[in-house]
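Trainee: Structure in structure tokens, see below.
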Protein chains: 2
Amino acid sequence: MRLSTRGHYGLKAMFDLAQHYGTEPIPLKSVAERQNLSEHYLEQLIARLRKAGLVKSVRGAQGGYILAREPGKITVGEIIRALEGPIAPVECVKEVDPKECDQADYCISRMVWARVRDSIAGVLDSISLADMCREAAKIHQTKSFDHNRGGWTLYDP
Amino acid sequence: MRLSTRGHYGLKAMFDLAQHYGTEPIPLKSVAERQNLSEHYLEQLIARLRKAGLVKSVRGAQGGYILAREPGKITVGEIIRALEGPIAPVECVKEVDPKECDQADYCISRMVWARVRDSIAGVLDSISLADMCREAAKIHQTKSFDHNRGGWTLYDP
DNA sequence: TCAATTCATACTAAATTACTCGGATTTCAT
DNA sequence: ATGAAATCCGAGTAATTTAGTATGAATTGA
């Protein structure tokens with residue numbers, strides 16, 4: 001029940017783009033460095049995301065990638081589906097074009113997997129990139145608690 | 001986000017044993033036939049289930065397998081963990097012994113996967129083999145609705 | 001014009017999957 | 001006792017997937 005690195009790394013990259021949303025295009029190189037990923041591998045992942053219409057590219061020098069929509073309007077579910085295909089613990093309960101076996105309508109285990117699929121999709125579709133950014137901001141605040149002063153410090157990059 | 005056939009087939013086999021619970025030991029051969037699975041492959045899967053204490057074996061002629069506990073006391077979650085290992089969409093949120101990366105405590109995508117893991121575990125741990133048997137009985141009833149008589153027929157094997 | 005970038009395709013080593021195969025061992029039934 | 005029915009065990013293997021790397025062409029701002 002594992003995600004491949006495609007979904008894992010791809011989400012990291014999209015989160016990185018979300019954190020820089022509203023500025024210039026972000027080159028993959030910097031995404032790869034910040035998230036500690038292979039740039040060449042990321043290229044392949046972002047190609048899928050581009051084809052799915054989740055990011056836009058700007059070619060040439062000073063080019064890079066920007067989210068195709070604002071972070072609040074892109075869900076983790078869309079990202080994962082673009083990278084890994086339809087959510088499905090087993091083939092016969094794929095969200096689109098399921099390959100049903102001949103016992104499909106009385107196969108009980110199939111119902112279990114359909115429930116798992118719905119539960120996964122429910123979580124992924126309920127989280128947007130904006131949610132992740134908010135979470136990151138919250139954590140950053142916590143981490144900058146100043147133990148010497150015994151109080152909160154302002155984040156000032 | 002796929003389950004391997006281990007979990008998929010293994011659950012089918014356990015469900016089959018559950019439907020025959022309380023009788024003689026069930027040989028793998030018959031399980032394999034009913035569930036349409038390779039007997040040799042099932043042997044490997046059931047070995048894991050036995051080592052996990054979920055089934056008991058009876059060796060020799062007229063031998064076979066029986067559930068180690070009644071179907072109501074065995075959850076799908078236990079079965080899947082025995083066959084596939086700890087539930088974890090990504091390594092860093094494994095239920096036991098997670099391999100955390102150095103950014104573990106401020107990695108936001110990690111939190112997403114932890115929520116997915118909990119959601120999957122929640123579903124799997126909430127379904128017992130007895131639940132599946134009840135579901136099967138319900139469906140069988142529905143399927144034997146007699147459209148000619150316009151009423152329900154009794155199941156009489 | 002050059003350096004930074006995206007874009008596209010092909011290749012590959014390693015791991016995993018989904019089995020098969022062969023045989024040893026145990027035990028019931030006759 | 002013997003044979004058939006079973007579990008048990010470990011090795012082997014073809015196909016697929018994974019997680020990249022390699023190479024180079026095309027695009028574009030400074």
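Trainee: Heavy-atom accessible surface, probe 1.4 Å, ligands and DNA/RNA ignored: which residues of the range B:1-24 lose at least 10 Å² versus the isolated chain?
Mentor: B:Met1, B:Arg2, B:Leu3, B:His8, B:Leu11, B:Lys12, B:Phe15
Trainee: In whole Å, what is the distance between the alpha-carbon centres of the range B:15-44 and the range B:71-119?
Mentor: Their Cα centres are 29 Å away from one another.
Trainee: Using a 7 Å offset from Cα along the direction of the beta-carbon, what are the separations from B:Gly22 to the same position in each other copy, nm, ascending?
Mentor: Here B:Gly22 shows inter-copy label distances of 6.4 nm.
Trainee: Right, next: Taking H placed 1.01 Å from N in the peptide plane, check which residues at least 5 places from B:Ile127 or on another chain put their amide H under 5 Å from its amide H.
Mentor: Under 5 Å from the amide H of B:Ile127: B:Val76, B:Gly77.
Trainee: Work out from phi, with θ = phi - 60° and the Karplus expression 6.51 cos²θ - 1.76 cosθ + 1.60, the ³J(HN,Hα) of each residue of the range B:91-106, listed in order in whole Hz, and give x for Gly and Pro.
Mentor: 3, 6, 10, 4, 4, 10, 6, x, 8, 6, 8, 5, 9, 3, 7, 10
Trainee: Which value, in Å², gives the accessible area per residue of the range A:88-127 when a 1.4 Å probe is used on the protein heavy atoms? It would help to have the intermediate numbers written out before the result.
Mentor: Values: 1830 Å² over 40 residues.
Counting only protein heavy atoms, the per-residue value for the range A:88-127 is 46 Å².
Trainee: Probe radius 1.4 Å, ligands and nucleic acids left out: can you give me the accessible area buried at the B-A interface, summed over both chains, in Å² to the nearest hundred? Walk me through the numbers on the way to the answer.
Mentor: Working: alone 10340 and 10360 Å², together 17050 Å².
Approximately 3700 Å², summed over both chains.
Trainee: With a 1.4 Å probe and every protein chain kept in, tell me what percent of the accessible surface of the range B:5-144 is carbon plus sulfur.
Mentor: Working: 3360 of 6940 Å².
Of the solvent-accessible surface of the range B:5-144, carbon and sulfur hold 48 percent.
Trainee: Oh, and also: Tell me, what is the FRET efficiency for B:Thr23 and B:Asp97 to the nearest 0.05, using R0 = 45 angstrom and their Cβ-Cβ distance as r? Please list the in-between numbers first.
Mentor: Working: r = 39 Å, r/R0 = 0.87.
The pair B:Thr23/B:Asp97 has a calculated efficiency of 0.70.
Trainee: Here is a further query. Would you pull out the residues with amide H under 5 Å of B:Ile87's amide H, same chain only if 5 or more places away, H placed 1.01 Å from N?
Mentor: Here B:Glu95 satisfy the definition.
Trainee: For chain A, just say rounded, prolate or oblate: build the C-alpha gyration tensor, square-root its eigenvalues into a ≥ b ≥ c, call rounded for a/c under 1.5, and beyond that prolate if a/b exceeds b/c, oblate if not. Don't skip to the answer; put the middle values down first.
Mentor: Working: a/c = 2.78, a/b = 1.57, b/c = 1.77.
Note, shape of chain A comes out oblate.
Trainee: Sort the protein assembly as shown into rounded, prolate or oblate with this rule: let a ≥ b ≥ c be the square roots of the eigenvalues of the Cα gyration tensor; rounded if a/c is under 1.5, and if a/c is not under 1.5, prolate when a/b is larger than b/c, oblate otherwise.
Mentor: Numbers: a/c = 2.57, a/b = 2.05, b/c = 1.26.
It is prolate, given that a/c is not under 1.5 and a/b is the larger ratio.
Trainee: Using a ≥ b ≥ c from the Cα gyration tensor of the range B:1-79 (square roots of the eigenvalues), is it rounded, prolate or oblate, where a/c under 1.5 gives rounded and otherwise the larger of a/b and b/c decides, a/b for prolate? Walk me through the numbers before you get to the answer.
Mentor: On the way: a/c = 1.61, a/b = 1.19, b/c = 1.35.
Oblate, since a/c reaches 1.5 and b/c is not below a/b.
Trainee: Another one. If A:Met1, B:Met111, A:Met14 are ordered by their accessible area, calculated over protein heavy atoms with a 1.4 Å probe, which sequence runs from highest to lowest? Mind showing how you got there, number by number?
Mentor: On the way: A:Met1 25, B:Met111 60, A:Met14 0 Å².
Largest accessible area first, the list is B:Met111, A:Met1, A:Met14.
The values are calculated or read from the model by the stated rules, or taken from the named source; none is laboratory data. As the structure is a computational prediction, the values presented were derived from the model and not from experiment. We place every Cβ from the backbone using ideal geometry, glycine too, and count neighbours over all the protein chains shown. Note: accessible area is taken over every heavy atom of the protein model, side chains too, but ligands, DNA and RNA are not part of it. Shrake-Rupley method; radii C 1.70, N 1.55, O 1.52, S 1.80 Å.
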